[in-house]
Amino acid sequence: MKRKFFSMLLVMLFVLRFALPVSAETGTHLYDQADLLSDAEEGRLSEKLSEVSRQYDAQIVIMTIPSADGDSVDVILEHTYDSMGFGYGAERDGVFLLVCMDPREYRILSNGYAGTAIDVDVIDAIGGEIVSDLSDGDYAAAFDTFIGESAYYLDGYLNGFPFNFGKTFLICLIVGAIVGLITVLIMKGQLKTVRKQNQANVYVKPGSMQVTVYRDFFLYREVSRTKKESGSDSSRSGSSRSTGGGSF
């Protein structure tokens, strides 16, 4: 089985070398070996892949193959990424989407700092976004979504998620304000018979309490912490590889 796989891989690399005159090292990002895209779609997606790859300094690659020829799609994913030399820099930062038509399966691999930014949970989330279009045969839409989602999580890892946090915080703030207002109005309606008392004497029986000791108790404490950076480029620290995928 291993000999069969490596023979198939060598054939595939040979075909890619002559069918695509530009190598992965010089910036090729789209390999449509299953011929799923029109020329116009291929050109547009290639340009978008190149732009996002340059912007986040991580090579975003999409490859389609007609068949796994009986081999494991997971093994093809790993060996293709390594054999083709995908990824930028010493850590080979990149995100790789492999779509196989027989069996109908997709796999996503992220490597280098992208492997930390796009971990297994994020890969599952991205897969959930593209699987419907893959099932419907709208491959261009699926690839557009993959590129956009990859850019979103890479940007969030490098620059933080202020847009996402701000939106979530605003929604929570509005919901909390509405719930709080309703609660206050209900409580106010139930306390119409209560009158304001300036002192607590009305609740204390004369001569029943003598205060002999006074102490101060601090109920709250505020602590301020500052994040300590571990290096000159902490936003790019961390290198790993994550993979995931499923059927469509």
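Just so it is clear, none of the values below were taken in a lab; they were calculated from the coordinates. This structure is a prediction, so every number in the text was calculated from the model and none was measured. Virtual Cβ from ideal backbone geometry, glycine too; neighbours counted across all protein chains shown.
Taking amide H positions as modeled 1.01 Å from N, with prolines and chain starts lacking one, the residues under 5 Å from Q33 and 5 or more places away or on another chain are T64. Taking amide H positions as modeled 1.01 Å from N, with prolines and chain starts lacking one, the residues under 5 Å from S67 and 5 or more places away or on another chain are M101, D102.
Here the extension length gained between I174 and A141 equals 8.5 nm, from 0.36 nm per residue of separation less the Cα-Cα distance.
Note on D57 and S247: the extension gain reaches 65.4 nm, defined as 0.36 nm multiplied by sequence separation minus the Cα-Cα distance. 3J(HN,Hα) couplings calculated from phi for region 134-145 with the Karplus curve 6.51 cos²θ - 1.76 cosθ + 1.60 (θ = phi - 60°) are, in sequence order, 4, 5, 7, x, 8, 5, 4, 5, 4, 6, 4, 5 Hz; Gly and Pro show x. One decimal place: the segment M101-N159 gains 17.3 nm when fully extended, by the rule 0.36 nm per residue minus the C-alpha distance. Counting only Cβ charges, +1 for Lys and Arg and -1 for Asp and Glu, the dipole size of region 29-104 around its Cα centre is about 200 debye. Each of I123, L97, G137 was placed along the dipole of region 16-152 (beta-carbon charges, centred on the mean Cα), and the one lying farthest toward the positive end is L97. Charged neighbours of L134, selected by a Cβ distance under 11 Å, balance to -4 (K, R count +1; D, E count -1).
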